[in-house]
Every structure is written in C-alpha cells, then in structure tokens.
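K.L.:
Please read through the structure below; I'll follow up with questions.
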Amino acid sequence: MLADLFPSPTLGRYLAKLFVTRIIGVLFLLVIVLQMLDLLSESGKILAWKGNGEPELWHYVTLRIPQLIARFLPYAVLLATLFTFWPLNHNSEIIAMRAAGLSAHQILAPLLLSAVALSVASFGFNERVVTRASATLKAWEAAKYGPIPTDPSVRANIYLPDGPNILAAGSMTGEGTNVTMTDVTWYRRDAAGMVLEQVRSPAARYAGPGWLLTDPVRFDVAATAQTKLPGMVVAQAVTPTQVVIAKVDPDRESLFQLGRSIETLKASGRRTSELEGKWWHKLSGPLSALLMPLLGSVAAFGLARSGQLLVRAVVGMALGFAYFVVDNAALAMGNFGGYPPLIAAWAPFLLFALLGATVLVRTEE
C-alpha cells in the first residue's frame, strides 16, 4: 500500500520538504508580526508595575508565543499548502507528475503524511507547553503583571457563593486542604441580595471549616465605617473542593486534567457540556492541520494556462477559512446546548474532510 501511495520516494521527499519549509516560514512570519502587535498593546500594562522592565517583557513574550503558535498553526498549514501548490502548478510540475503516471492522491500523499506528523506534534505541544504557559500568563495578568506566579496550579478570579453571601479571590494556589487564596473579599448580603458588609483581606487559608482571613478590614455599608480586625473566619460552607472546581479553564488544563475536572463537576451536579466540548476539541483541534492540504489541494490541479489558477487558490483559501468559521460556530452552539459536545467538536472536521475528499475525487475523475 505504501508503494502505491509513494511510488517515488525522491519525489515524496521533495514535496514534503517544500511543504514543511513553507509551514515553518509562514508560521514564523505570522507569530513574529502578531507578537509585535500584541506586545505593543500589553507593554504599557507590564511596565506600569514598579520594577518591571525588559526581562518582564521578554518573559511575557515567552509565555505568549506558545499560544500564538497553537492558534495560528492551522492557518500557517493552509497558507503553506497554497504556497506549495501554486508554484508547482504555475511551473507545470503538477502536469509533469500527472504525465509520469501519478494520481492526485499520490501527489497529495506526502503532504498529508507530513500533516499527520504535524498534528501529533501539535497535540503534544498543546498538552505540555501551551497549557502551562496559559496558566502562568493568565495568573500573571490577574495579578496586573506584578510578582510572577510560577506555580502552574495557580487559578485567577475565584468567585464562590456562600449561601446568600459571596467569597471572591484574585488568585488561588495549592491543592487539597493546603489551598491559599490572595486578594480576598467576602460580601455579606441580605435575602434580597443587598450587600450589608464587605471584608477585605490580602490572603486567606482553609481553617476547616471556613477560611481564616489575614489582617481583615471590615466595611459596614449602613454605617459607612471601616474597622480593622485581628482575624476572622468566613464562608464556613465553602470547601477546598468547591474552590478547585469553581474555576475550570480548559485552556490551562491538559486533556487528562480536564477529564478529572469534568468528573468532579459532574459529581457535584454541575453542568459540564461546555467543558466536554472543549475536551473533545483538544483532540479534533490539532487534526485541523490534516484538513488543510486536503482543502487547499484545489489549487494544485487544473491547467495554469486556463487563467483559473488564482480562482482555484482563492477557493482553496475560502474552504480553509470556512472550516474555522464553522468550527467556532459549532463550539459556540455546543456551549449553549444546541449540539451535543461530541457533535460540536467533531462535526466540522468530518464535514470538511468529506468535502475535501469529494473535491479530490472529482479532480481525479
């Protein structure tokens, strides 16, 4: 079967080399340009924190680049497909391959094999690098680019109900009963939801039960009076487990971590359809790189002298970008409960895979 798909190893290596080098070049250009634009918008916020300077700017870049690579890799594969096939078609190399007896499937096979390897590498990169970078960057952003949190378990913007009351925290670190929260605010409210008093504290730790506030300051709304307290235990109904599952961000958790979080949420009776869709998309998302050669192959076939080469390239690009639009729309529908999570994550991939295969078969005919 391999001999049927790759009748000429030399030609297969030539096509794969062209494809991979163009992916690297396009991805490098996209990441550099987008990183520069992003750094221009964020550098003022980073330098606004006293003591931050050039090292912090470079640290931000190292955290942001993995996110940009993961997000724009499929776009780079799509553009690389067009930049590979356009010159081959324009210089009649595709015609020479067809005249030598190669089918459209055989011409496309080296690119698809390269895309499979790239999808596997992308999945591993997302799991090992992107999730950790996202966790640290989001916690750093929540701290307004102050002291950089190095713990990958850091969670930001915690918001928990305590009966009619509210317990909020800027960030949380630790696991089990060793959970520690910073920038804590506890709001005591009446049955109508009106805030009666507000207690602020720089930190809180689990007191079993309740949370012991460090150096709390109480503000009485009715008396408009502020009072410093030696110590105070609040939110006795809130457990560390509730704190851990209150803020599940799929972008900062690996596939297995997110799976455990979903099981915990299900056990507590929480709705998990949005997270389940993101869980499935962690598998289907990297495979989008496999679709791009299939969708962009419309630019490879057809006579260049017919004057439709540009039209074919535009059609290939339109098919690729249409996939991203449909994929995002399906995920949004899944988040609202319109689609089951499995359908929301996989339906766009299967739909465009069939579309690309149909175009290729029609080309073969």
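The values are calculated or read from the model by the stated rules, or taken from the named source; none is laboratory data. All values derive from a computational prediction rather than experimental measurement. Cβ: placed from backbone, ideal geometry, glycine included. Neighbour counts: every protein chain shown.
K.L.:
Please enumerate the residues belonging to the range 330-352 that are modelled with pLDDT of 90 or more, surrounded by fewer than 19 Cβ atoms within 10 Å (Cβ to Cβ) and either small (Gly, Ala, Ser) or under 13 Å from SER297 (Cβ atoms) (or both).
P.N.:
If the condition is that a residue be modelled with pLDDT of 90 or more, surrounded by fewer than 19 Cβ atoms within 10 Å (Cβ to Cβ) and either small (Gly, Ala, Ser) or under 13 Å from SER297 (Cβ atoms) (or both), then ALA347 is the only one that fits.
K.L.:
For the range 11-55, how many residues meet the condition of being surrounded by 18 or more Cβ atoms within 10 Å (Cβ to Cβ) and more than 30 Å from GLY101 (Cα to Cα)?
P.N.:
6
K.L.:
Follow-up. Looking only at the range 40-73, which residues are hydroxyl-bearing (Ser, Thr, Tyr) and within 30 Å of ALA121 (Cβ to Cβ)?
P.N.:
Just the residues of the range 40-73 that are hydroxyl-bearing (Ser, Thr, Tyr), to begin with: 41, 43, 60, 62.
Those that are hydroxyl-bearing (Ser, Thr, Tyr) and within 30 Å of ALA121 (Cβ to Cβ): SER41, TYR60, THR62.
K.L.:
So how many residues does the range 28-80 have that are farther than 30 Å from ALA313 by Cα, touching a residue at least 60 places away in the same chain (Cβ under 8 Å) and of a type outside the set (Gly, Ala, Ser)?
P.N.:
10
K.L.:
Same structure, new question: In this structure, does LEU102 turn out to be under 29 Å from GLU127 (Cβ atoms) and not polar (S, T, N, Q)? Lay out the reasoning, then the answer.
P.N.:
On the way: under 29 Å from GLU127 (Cβ atoms): no; not polar (S, T, N, Q): yes.
So LEU102 fails the test.
K.L.:
Considering only the range 1-35, state which residues are part of a helix (DSSP H, G or I) and farther than 22 Å from PHE83 by Cβ. Give the derivation first.
P.N.:
Start the filter on the range 1-35 by keeping residues that are part of a helix (DSSP H, G or I), which leaves 2-5, 9-35.
Listed by number, the residues that qualify are LEU2, ALA3, ASP4, LEU5, PRO9.
K.L.:
Which one of these does LEU102 not meet: (1) part of a helix (DSSP H, G or I); (2) within 30 Å of LEU11 (Cα to Cα)?
P.N.:
It is condition (1) that LEU102 fails.
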